[in-house]
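Read through the structure below, which is laid out as structure tokens, and then see the notes.
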Amino acid sequence: MDTEHQAAVSEEVSDMMMPAHDYRTVRLNVPSELHKGLDRVSNYIVGRYKRHSCEISDIHNKAEQIVDGSLKLHNISDSKLKENVRRFEAIFRRQGRGHEDYLTEAMTLLSEISHRTLGLRPYPVQIMGAMALYRGFLIEMATGEGKSLTACFPAIIGGWTKRPYHIITANEYLADRDADEMNPFYSFCNVSVGSVINRMETAERRASYEKDVVYTTSNEIVADFLRDRLRMGSCHQSARRIIKRMQKNGRREHDGLVMRGLDTAVIDEADSVLIDEAVTPLIISHPMANSHLEEACLHAGKIAKTLDVSIDYTIDRKNREILLTKAGQEKIESLSGSLPGIWTGTIRKQELIIQALTAREFYHRDEQYVIKDSRIVIVDEFTGRLMPDRTWRQGLHQAVEVMEEVEISDPSETLARLSFQRFFRFFRKLSGMTGTASESAPEFWQIYGLPVIRIPTNKPCMRKQEAGKVFSTYDKKLKAVIDEIIKVHETGRPVLVGTRNIKVSNTLASMLTERGLTFNLLNALKHKEEAGIVAEAGQQGAITIATNMAGRGTDIKLGTGVSALGGLHVIATERNESGRIDRQLTGRCARQGDPGSARVFMSMEDDLLKLFLPSPVRRWISSAIDKQNPYMKSVAEGLHALVQRSVSGIAFRQRRRVMQMDTWLADALSFTGSSIES
């Protein structure tokens, strides 16, 4: 065979084969089904063993060894450090047998480089966290312990492998900030770093994803993943791609993709991403004009206004459901003759009117949504941040628009859909970090196979948890909150007040204004000023009101002289549905050995009790509290804790059902070839 013909054959064969780059672009770690029965019990036992094994003592000893070793590199020249970087880069790039044995030596080198490039010499606890991340743990590190630097160590080692490495941050500000601030460290280690945020165009996104390490948010990475899958069509299965190439004479079928695949991810604020947002599917859709739906929603809104609770419908607040009575069904039938098109059917018209009632009873302005530029904008109930690109499904968004009398938007046609819960199980290697993970450790293990490990603080925690206060009514509670703010403010200490929604934050703001006090208000309507407001929250005399955990991920550093006064005081205006979220708020004070204190205020009219405790029981306890019964406040606190655990259990079971539905849907779609994992 002549040389020219031999070259042609080689080229043809290479086109038919899938190059490593292409393979990694489409390869997914297909999630296994959730364990059931005895398998679930045994898996639970394995998870407990993993969490309580001797791993923590092992990484503690190694961390001490690494920090001590890095101090001995102080006099080594930069060129010598660079030479060692190239050596370890080659070792971890090849992934040969025994390469893990070099981990301690590599992290020792990185510790010295961190000091030279960033001026930050990692503490042993940060190295412990870095090693745990590398081993695939979800680490619990207290607020202010330096998680941003901790994540860099496994990221650099992952960057050396040249496989896709993603660090998922709480918001775009942190993604941009960390990629920029940590760039000198990455650059010295021959690792490129970039960030992907919402305002980027396709070409810019592709360039960022080509970097060794990419900082981004969960929304951005899932959206880009789904858009890439849509671009691939049926060719995200390797066999189909090869056949397509044969048909197209070797032409690349994945042009236009922005990502280079999924391999390793480290998730910051992992409890928020993997639990709080887990059941929220991210949907790629496009608007689809539907004048009949618009007309039907307007008529349904008018009919809903004529219906009376208890007579025409009942409200199941625990499960957030509207149930029509027989009288309500008959009334709807008599009033719905003007509904257009397919909405004339009995089931259809009832669904539409139930959505209108659902909007009226469960969706409230400045709680679940705000009105901005004459549009309904959803508010994330866990972070208090605006979500301008999200809409409610199945006509609910249009029902809220009708209720608020704003322009009705076109419904959307779903092109692709994926829950965060399923997406993050696609990664070959997953780890994460957060300040609050212990409460949900069993769920992290059962759903994601992530064992939780608690990293000790660098300095003893000096937080003082003040006794909670319970009141009979909501108004009495808010008055007491204001009194406490003023009392602490007069000492010069900064105060951070956490509320569950915008409505409460605005109410407190009005009450403080009446008292002539200056404060900073941080909620979904002021998200652009978030980082600046949080940064000032530790200054002497500062008062900050923050919706839920807005500002999470940004350290609150104490101003001059504040430590001597007692540090930051945190006030929680009510308990959340999860004790983990309560800890997120109180964890904002007393960072890195600083002093601080926290107190929770509760009332018998709080949403948590109204939804899950019978009214007669609440009224009886409220009356006893007003009569100064010495035992009733303890009883009320116990009920709050009991209901909180019950609600957390319900939420966990809901997330399991969503996971099972995701699995069922993927199995069903696999027969059609449209499944993401196909």
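The values are calculated or read from the model by the stated rules, or taken from the named source; none is laboratory data. Note that the coordinates shown come from a computational prediction; the quantities given were computed from them, not determined experimentally. A quick note on method: Cβ atoms are made from the backbone with ideal geometry, for glycine too, and the neighbour counts reach across all protein chains shown.
Key figures for this structure:
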| item | result |
| --- | --- |
| Residue within the stretch 602-612 that is in a helix (DSSP H, G or I), charged (D, E, K, R), assigned by TED's automatic domain parsing to the domain that holds residue 490 and more than 31 Å from the chain's Cα centre (by Cα) present | no |
| Strands (runs of 3 or more DSSP E) within the stretch 451-519 that include 3 or more residues over 30 Å from residue 370 (Cα atoms) | 452-454, 462-465 |
| Qualifying position, being of a type in the set (S, T, N, Q), within 21 Å of the chain's Cα centre (by Cα) and modelled with pLDDT of 90 or more, among 187, 195, 208 | 195 |
| Residue list for the stretch 330-344, filter: under 19 Å from residue 291 (Cα atoms), at pLDDT 70 or above and loosely packed, with under 13 Cβ neighbours inside 10 Å | 337 |
| Check on residue 433, assigned to a strand (DSSP E or B), over 19 Å from residue 651 (Cα atoms) and in contact with a Lys or Arg (Cβ under 7 Å, 6 or more places away or on another chain) | yes |
| Scope the stretch 110-132; condition more than 28 Å from the chain's Cα centre (by Cα) and among the β-branched types (Val, Ile, Thr); matching residues | 113, 117 |
| Some residue of the stretch 95-114 being closer than 30 Å to residue 582 by Cβ, small (Gly, Ala, Ser) and not in a helix (DSSP H, G or I) | no |
| Selection count, the stretch 484-508, where residues are over 25 Å from residue 560 (Cα atoms) and of a type outside the set (Gly, Ala, Ser) | 9 |
